[in-house]
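Just so you know, all these numbers are worked out from the coordinates, no wet-lab data involved. Values in this document were obtained by computation on a predicted structure and should not be read as measured data. Here Cβ is always computed from backbone atoms with ideal geometry, including for glycine, and neighbour counts include all displayed protein chains.
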Amino acid sequence: MKNIFFGLFLLSAINAIAQPERWQQAVKYTINVEVDTLTNRFAGKEKLEYTNNSTDKLDKVFYHLYWNAFQPNSSMDVRSRELGKIVNNGRQDWDGRVKDRILNLKEDERGYQQIVSLKMNGVAQPFTYHETILEVNLQKPILPKSTVVFEIEFNAQVPLQVRRSGRDNPQTGVKYSMSQWYPKMCEYDYEGWHPTPYIAREFYGVWGDFDVSITIDQSYKLGGTGVLVNAAEIGWGYDKPGTELKTISAKKRIWHFKGQKIHDFVWAADPDYKHLVRKITNGPTIHVLYNDKPGNLQNDAAWEKVGEAALAVLPFIEKNFGKYPYPQYSFIQGGDGGMEYPMATLISGPSLGTVFHEWMHSWYQMMLGTNESLYAWMDEGFASYAEDLVSAFYYKRPSITEYKDALKDNPANEGLKKLVAALPENHAGSYDSYFSLVKSGLEEPMTTHADHYNTNFAYSTDAYSKGEVFMEQLGYIIGDAARDKTLLEYYKIWKYKHPNPTDFMRVCEKVSGLQLDWYKMYWINTTKTINYSIDSLWEENNMTKIRLRRIGQMPMPIDLGITFKDAHTEMHSIPLDLMFGAKQKENDDQKWIVEQEWHWTSPTYILSIQSRLVDIIKVEIDPSKRMADVDRKNNLLELNWQ
């Protein structure tokens, strides 16, 4: 009964923050473009209903014009070439997809977006280009809680494939990868405007609805964000699986897509696309589009596996991360690796690791919408963490915990002992990547804006690897069960609300009952590292004393595992004083003892064990290896009594 009351209390505490009050701007796009496939240019008309839900009067607005980055001596070009001058481990630090390619683009290979006219409520507005940002100084302000209508006529030239978007991809053969292709309203939130120039990465957008019509040569086949509302006119598997592209007499056809409650829109087009359709019962339709040479059955099989894998993993994803709310998802061959968008991703190949990672961005960007320019680790790191779990589920890969449980049942199995000793902790690749960054001396705080890292190496490791370690290490601090529950609560509370790091940590605190501001402060805001050691053991009055030492600058709670001669084990949980509590018992098969808290100001801690020293054969700090201790050699002490 006591546990029931505690559970009800905890649920009430969570529900108390279930609907945070934070306004969101709103957009409603209607976009019509006509593509000239001979010149690789298109003309477009965009109507944007913009609702100012803030309490502020807006005297100006900003638009993204991303493709203006694909011109010689643009900020993207210069930044890439400057980073290329940095050599790390014998490699130039620039993005291998960009390098100095923009500098060498010919005039008809460059990208641009040009505004022909821009009106608000029918009145022309003055505007100024800042390369990839358009500043519009309004003749009349947008008042709080009001809606205005912007109308834009624009021209664009599709750049040669360089980064994410472009044409004539030499790697995939795809004709058009159309991302960042329309004038996109910048985000205005509680921190103000976010007119982030397009230098390399990442994105932030306003929630809303999209109605997009694309007129293109009749032979082209398309996929993208949203639902194809004129599927009956198009055919090609959109009306029902297996149908051919319908024949028309006109030279061009219109593809009409709609998407709701999204913050971006991507599409891709190629005359040679193949289209696979898979329908999940009571779930979304999965589309797989790829460009393939006829008769390449091996590649056909790989792309078919993409659709089958999506069907297989969605129940696991929704159980652990939340419901997928959209009617469809499209895996589209295009782009230059893997890049996520609402209801779709551009992927260069059928690698399932990339497939799982990009789909998980639907949760950790498309539904939560964090400002990934400022908090890339909340997008890339969380998606990487989820990708690892989804991959383990799909491949039925046993975890280190399962191997250890098997060893308990078969303690004499020498082969299993060696396997467990050699196995790394879960998410081992990200831990190793983080440790490499620390050793390089190039690490920067994760609060660094994505475009302002000194090296691509530091950015990618921080965003992907250190972000993934953050999540696994969180399980070490509050317990895996509390961490897993946090992820579901985070989704329920903050979807469609642009959460920041503090918002996530508050959910963690509500679920776990622990104070965690110190974890964010050290792990996110600094580059201080974790390093603990077993300093010494001795016996006093038939009791064993164990002195632990903190060598690194980041304090942590400590799980100290002790193994005795009779093979029984104990876990001594030493809370950090800044937590104001301790995590719940994690292993029911092991004696769990919560010790006195360790004050973060103290470099040492002495633990007293009610056993003789000669009865102990092993002492280990964090046997789970979830704590990112940069020197684990001093975490284990084995006593060989003769």
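Quick look at the numbers
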item	result
Over segment 553-601, equivalent-ellipsoid semi-axes from the Cα gyration tensor in Å	23, 12, 7
Kirkwood hydrodynamic radius of segment 493-541, from inverse mean 1/r over distinct Cα pairs, in Å	13.9
Hz values of 3J(HN,Hα) by residue in segment 571-577 - Karplus curve (6.51, -1.76, 1.60), Gly and Pro given as x	10, 9, 8, 10, x, 7, 4
Estimated translational D of segment 148-230 in µm²/s (Stokes, Kirkwood radius over Cα pairs; 4 °C; 1.567 mPa s)	83
Rg to Rh, two decimals, where the chain supplies the alpha carbon set and Rh follows Kirkwood	1.01
The chain: angle of helix 2-15 to the longest principal axis, Cα-based, in degrees nearest 10	30
Selection of trypsin sites (Lys or Arg not before Pro), segment 279-384, meeting DSSP coil and at most 16 other Cβ within 10 Å	LYS323
Which of HIS263, HIS572, HIS498 has the fewest Cβ neighbours within 10 Å, and the rest in rising order	HIS572, HIS498, HIS263
Positive-end residue of ALA628, GLY334, VAL123, charge dipole of the chain with Cβ unit charges	VAL123
Pairwise Cα inverse-distance average, inverted: Kirkwood Rh of segment 391-524 (Å)	17.1
Semi-axes of the equivalent ellipsoid for segment 480-599, Cα gyration tensor, largest first, Å	32, 18, 11
Extended-chain gain in nm, criterion 0.36 nm per residue less alpha-carbon gap, ASP631 and GLN114	180.7 nm
Cα lying deepest toward the dipole's positive end in the chain, options GLN610, ASN299, PHE393, charges on Cβ	ASN299
Order of SER436, SER373 under a 10 Å beta carbon neighbour criterion, fewest first	SER436, SER373
Rough spin-label spacing in nm, given labels placed 7 Å along Cα→Cβ, for LYS145 and VAL87	6.3
Global geometry of segment 532-638, whether rounded, prolate or oblate, following the gyration tensor of its Cα atoms and the 1.5 cut on a/c	rounded
Cross-link pairs LYS251/LYS274; LYS184/LYS510; LYS585/LYS618 - those with Cα-Cα distance over 32 Å	LYS184/LYS510
For segment 532-638, size of Cβ-based charge dipole, Lys and Arg +1, Asp and Glu -1, in debye	220
The chain, dipole about Cα centre (Lys/Arg Cβ +1, Asp/Glu Cβ -1), debye to the nearest 20	800
Cα centroid separation, segment 540-560 to segment 226-290 (Å)	61
Mean residue ellipticity (222 nm) of the chain, computed from DSSP H runs ≥ 4 via -39,500 (n - 2.57), nearest 500	-7000 deg cm²/dmol
Label-point gap, in nm, between ASP36 and ALA412 - each point 7 angstrom along Cα→Cβ	8.3
Two-site label geometry, TRP23 and SER440: point separation in nm, points 7 Å out along Cα→Cβ	4.3
Per-selection Kirkwood Rh - segment 182-253 (Cα, Å, 1 d.p.)	15.5
Order of THR448, THR55, THR354 under a 10 Å beta carbon neighbour criterion, fewest first	THR55, THR448, THR354
Charge-dipole axis of the chain as Lys and Arg at +1 and Asp and Glu at -1 on Cβ define it, positive-most pick from VAL148, GLN71, ALA481	VAL148
Given LYS408/LYS591; LYS99/LYS175; LYS28/LYS319; LYS279/LYS466, the pairs whose alpha carbons are separated by over 26 Å	LYS28/LYS319; LYS279/LYS466
